[in-house]
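Here is the structure we will look at.
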Amino acid sequence: FSHFSSFGCPEPCTFCCSPLVTNRRWKAIPGKQLAEALAELQQRFKFDVLRFQDANWGVAEKRTREFCEELVRLKVPIHWNGTIEIETIMRYKQETLDLLETSKCHLLWLGAETGTKEMQERIKKHIDIDHIPRAIGELARRNIIPGTFWIIGYPGESRESMLETIR
């Protein structure tokens, strides 16, 4: 079952259209309300996997925590997945990350984009390169598959930078 629960993204990434289209605004259905609505949809349509189609699902830790807690409380019989930023995972409390697993989050898509600090700065992604494997590890320890997006061949990107991203 596919669902959009938010609009926009607050990140300034230069390779993405979202900062221009949404002016870096992010509006989302509150976590508890979202879980309640999805519980009703699940009863009606009997889906067992939910895919959030949001550009950046995990922006707000409070929303994530409330969503996960309510899914667990309501015993919604689904597994779910969505997108989240690497630096967001690094900011989340361990208890919130644990709730992702408890609520049956089975996959989170991470936009790593590039493997070099120079390209991270150029595309305004603002990811600490050392955080990429750490964030992946935080998810993997909780049996959440980390799906990681990479881009090579940015305009003007050096061959060395592309090879470092592949590495």
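Overview of results
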quantity: Test set (1) surrounded by fewer than 19 Cβ atoms within 10 Å (Cβ to Cβ); (2) within 14 Å of residue 58 (Cβ to Cβ); (3) touching a residue at least 40 places away in the same chain (Cβ under 8 Å); (4) β-branched (Val, Ile, Thr) - residue 116 fails condition number; calculated: (2)
quantity: Test: residue in region 4-14 that is part of a helix (DSSP H, G or I) and either buried (at least 18 other Cβ atoms within 10 Å of the Cβ) or of a type in the set (Val, Ile, Thr) (or both); calculated: no
quantity: Which numbered condition residue 165 misses (of (1) buried (at least 16 other Cβ atoms within 10 Å of the Cβ); (2) within 30 Å of residue 38 (Cα to Cα); (3) without any contact (Cβ under 8 Å) to a residue 60 or more places away in the chain); calculated: (2)
quantity: Some residue of region 57-76 being over 19 Å from residue 32 (Cβ atoms) and open to solvent by 10 Å² or more (accessible area, probe 1.4 Å); calculated: no
quantity: Residue that is modelled with the lowest pLDDT, among those in region 119-149 that are within 14 Å of residue 11 (Cβ to Cβ) and surrounded by 14 or more Cβ atoms within 10 Å (Cβ to Cβ); calculated: 125
quantity: Close pairs from region 76-91: first free of Cβ contacts under 8 Å to residues at least 12 places away in the same chain, partner among the polar types (S, T, N, Q) and open to solvent by less than 10 Å² (accessible area, probe 1.4 Å), Cβ under 7 Å, at least 6 apart; calculated: none
quantity: Residue 86, sole failed condition from (1) open to solvent by 60 Å² or more (accessible area, probe 1.4 Å); (2) within 17 Å of the chain's Cα centre (by Cα); calculated: (1)
quantity: Hits in region 86-115 - residues which are closer than 23 Å to residue 76 by Cβ, touching a Cys at 6+ places or on another chain (Cβ under 8 Å) and not β-branched (Val, Ile, Thr); calculated: 99, 100, 103, 105
quantity: Subset of region 135-163 [in a loop (DSSP other than H, G, I, E, B) and either touching a Cys at 6+ places or on another chain (Cβ under 9 Å) or not hydroxyl-bearing (Ser, Thr, Tyr) (or both)]; calculated: 141, 142, 143, 144, 151, 152, 153, 155, 156, 157
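Residues are listed down the side, and each one gets a yes or a no for (1) in contact (Cβ under 8 Å) with a residue 24 or more places away in the chain; (2) crowded, with 20+ Cβ neighbours inside 10 Å:
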{"position": "19", "(1), (2)": "no, no"}
{"position": "25", "(1), (2)": "no, no"}
{"position": "52", "(1), (2)": "yes, yes"}
{"position": "98", "(1), (2)": "yes, no"}
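Okay, residues lined up against (1) at pLDDT 95 or above; (2) in contact with a Leu (Cβ under 8 Å, 6 or more places away or on another chain); (3) farther than 30 Å from residue 120 by Cβ:
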{"residue": "12", "(1), (2), (3)": "no, no, no"}
{"residue": "32", "(1), (2), (3)": "yes, no, yes"}
{"residue": "37", "(1), (2), (3)": "yes, no, yes"}
{"residue": "49", "(1), (2), (3)": "yes, no, yes"}
{"residue": "75", "(1), (2), (3)": "yes, no, yes"}
{"residue": "81", "(1), (2), (3)": "yes, yes, no"}
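The values are calculated or read from the model by the stated rules, or taken from the named source; none is laboratory data. This one's a predicted model, so the numbers in the text were calculated from it and none came from an experiment. Note that we place each Cβ from the backbone using ideal geometry, even for glycine, and neighbour counts take in every protein chain shown. Each accessible area value is taken on the protein alone, full model and side chains, heavy atoms only, with ligands, DNA and RNA left out. Shrake-Rupley method; radii C 1.70, N 1.55, O 1.52, S 1.80 Å.
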